[in-house]
1. Quick one: would you say residue 195 is touching a residue at least 40 places away in the same chain (Cβ under 8 Å), crowded, with 21+ Cβ neighbours inside 10 Å and either closer than 30 Å to residue 217 by Cβ or touching a strand residue (DSSP E or B) at 6+ places or on another chain (Cβ under 9 Å) (or both)?
2. Can you pull out every residue in the stretch 245-279 that is at pLDDT 90 or above, surrounded by fewer than 16 Cβ atoms within 10 Å (Cβ to Cβ) and closer than 24 Å to residue 203 by Cβ?
3. Scan the stretch 99-144 residue by residue and report those that are in a loop (DSSP other than H, G, I, E, B) and either under 15 Å from the mean Cα position of the chain (by Cα) or in contact (Cβ under 8 Å) with a residue 24 or more places away in the chain (or both).
4. Determine which member of the set 41, 32, 5 is at pLDDT below 75, farther than 26 Å from residue 174 by Cα and part of a loop (DSSP other than H, G, I, E, B).
5. Among residues belonging to the stretch 49-95 that are assigned to a loop (DSSP other than H, G, I, E, B) and free of Cβ contacts under 8 Å to residues at least 40 places away in the same chain, point out the one that is farthest from the chain's Cα centre (by Cα).
6. Of all the residues that make up the stretch 145-166, how many are part of a strand (DSSP E or B), in contact (Cβ under 8 Å) with a residue 40 or more places away in the chain and under 17 Å from residue 234 (Cβ atoms)?
């Protein structure tokens, strides 16, 4: 979820706040209860995994709980926020078309609430970074297709998007970020997580950012492997490798890596699981013997 694509590029770290402690107590309970086992039937031997059906639209109440390792994605990488991560669909906006759903994201050990507004095809229209010190709105010149739903197996495409960073209080423009994403759809995979095993679309994306803020240019790049499960509506696993951050030709931050893995989700539906077939389990057991 590229909510904070711009955060390392502008000095706006004050525009962040922590979720209430009571909320994290609830989140921790969800994480504990979410350690569930796999069940159900696997696919037939030799049957290919091809996921090309459109997922259902977002629904208020959906929530995804992750174990995160490393700094906050797309931050400057200076702070390790290993711990809980939550993404929740909190409301639907129907004042005008297209109808949008608000996805809120919190990291247990990082300040700030980040909100992305997605349509029924999971295209990102705008973002908000909110904190006691103020609020910044990120406007897109065109919706960002974060789920790459129209990308067929083994296909690739390049997406270019421009972001405008706006002070929500007075409408001042902080600057803009040009984002180029070259994405390749890899082979669909079964991903095993603490929440169970799920069939996922696998995407490898190379993301390059050029920020122009206060007369300075900052370059930022990352390689992201994401595994999306259409049935649950969001990703199961995300691996990110970030290049050094370069400002006016000078490296200002070293490279870093992050990973998030699904621990539980709401509403839970065990029918969404796709565990390893029994025949493979039996074969592995014999090998171990």
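1. yes
2. Within the stretch 245-279, 255, 257 qualify.
3. 108, 109, 110, 111, 112, 119, 120, 121, 122, 132, 133
4. 41
5. 95
6. Here the count works out to 0.
The values are calculated or read from the model by the stated rules, or taken from the named source; none is laboratory data. This is a predicted model, so every value here is computed, not measured. Every residue, glycine among them, receives a Cβ derived from its backbone with ideal geometry; neighbour counts consider all protein chains shown.
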